[in-house]
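The values are calculated or read from the model by the stated rules, or taken from the named source; none is laboratory data. All values derive from a computational prediction rather than experimental measurement. Cβ placement follows ideal geometry from the backbone for every residue including glycine, while neighbour counts extend to all protein chains displayed.
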């Protein structure tokens, strides 16, 4: 089996979930890109969407760097995603629950 066959495309919901989980503690944009495995084009699209829907918030840290943090609404979104995925995919349920332990 080729490497390409092993890679599964993620849904938009999965990408949003990965971004919000990686930003729960406050993190720079480039680190989110790395953790969520996104291109800069994808990042710009999703960031604009998440910021406009108040799921993600931009803040300055103590060193005056711009960091992004998942909002309370974003955390609620993560919990809803976990509930929905647990209903439709038992394997996703295990992953989602382990991610939510750190929120």
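In the stretch 54-79, which residue that is without any contact (Cβ under 8 Å) to a residue 12 or more places away in the chain and either surrounded by 10 or more Cβ atoms within 10 Å (Cβ to Cβ) or touching a strand residue (DSSP E or B) at 6+ places or on another chain (Cβ under 6 Å) (or both) is farthest from residue 20 (Cα to Cα)?
Looking at the filtered set, the residue picked out is 58.
Among 22, 54, which is the only one that is at pLDDT 90 or above, touching a helix residue (DSSP H, G or I) at 6+ places or on another chain (Cβ under 6 Å) and farther than 20 Å from residue 11 by Cβ?
Details: 22 fails: farther than 20 Å from residue 11 by Cβ.
On inspection, the qualifying residue turns out to be 54.
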